[in-house]
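A.B. asks: This is the structure I want to talk about, given as structure tokens.
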Amino acid sequence: MILQLFKFAIVGVIAAIVDVGVLVLLKEKLFVDVLLASSISFCVSVTVNYLLSMTFVFKSKKQNKIKEFILFILLSIGGLGLNQFILWLGIKFTSIHYLIVKFLAMVIVPIYNFVTRKLFLEAKEK
């Protein structure tokens, strides 16, 4: 489990870099609304995260890869909701810069992600 958590963390860092990179590009260079930009960047990073997670972190249940990806997306929608809620709270009710709030969300959301992926996507040891 320790090695798996380490791999999950590495994949998470890569996905986080993609997430923040796309967010900053959309918000600062293309002037997209921060919540829309965050939704888009989150979706891009989820795809990267899926590819890396199911290759290097979790043992697949050997189910249909399309069904597996759809389940991964559905679980990630919960993570997106949590991410957006944290961003909304931080932006609406504090004067904290959006990127600081985003980093706070990036600490909380991975806990949800690991637990749900472990429960629903990984093959059980026999």
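The values are calculated or read from the model by the stated rules, or taken from the named source; none is laboratory data. All values derive from a computational prediction rather than experimental measurement. Remember, those area values only see protein heavy atoms, side chains included, never the ligands or the DNA or RNA. Shrake-Rupley method; radii C 1.70, N 1.55, O 1.52, S 1.80 Å.
A.B. asks: What does the accessible area per residue of the chain come to in Å², with a 1.4 Å probe and no ligands, DNA or RNA counted?
C.D. replies: Details: 7570 Å² over 126 residues.
Ligands and nucleic acids excluded, the figure is 60 Å² per residue.
A.B. asks: Separate question: What's the Cα-based Rg to Rh of segment 63-102, Rh via Kirkwood? Walk me through the numbers on the way to the answer.
C.D. replies: Numbers: Rg = 14.5 Å, Rh = 11.5 Å.
Rg/Rh for segment 63-102 comes to 1.26.
A.B. asks: Still on this structure, I have one more. Residue separation times 0.36 nm, minus the C-alpha to C-alpha distance between residue 77 and residue 25: what's the value?
C.D. replies: On the way: separation 52, 0.36 × 52 = 18.72 nm, distance 2.21 nm.
Residue separation times 0.36 nm, minus the Cα-Cα distance, leaves 16.5 nm.
A.B. asks: Moving on to the next point. Taking the alpha carbon gyration tensor of the chain, what are the square roots of 5 times its eigenvalues, largest first, to the nearest whole Å?
C.D. replies: Working: eigenvalues 152, 41, 32 Å².
Sorted largest first and rounded, they come to 28, 14, 13 Å.
A.B. asks: How large is the direction-averaged shadow of the alpha-carbon convex hull of segment 32-97, in nm²?
C.D. replies: Working: hull surface 20.9 nm².
Reported value for the Cα convex hull: 5.2 nm².
A.B. asks: Less than 18 Å apart at the alpha-carbon level, and either on another chain or at least 8 residues along: which aspartates and glutamates does that give for residue 118?
C.D. replies: Once the sequence-local aspartates and glutamates are set aside, what remains near residue 118 is 68.
A.B. asks: Helix 34-56 versus the longest principal axis of the chain: what is the Cα-based angle in degrees, 0 to 90, to the nearest 10?
C.D. replies: Approximately 20 degrees, to the nearest 10.
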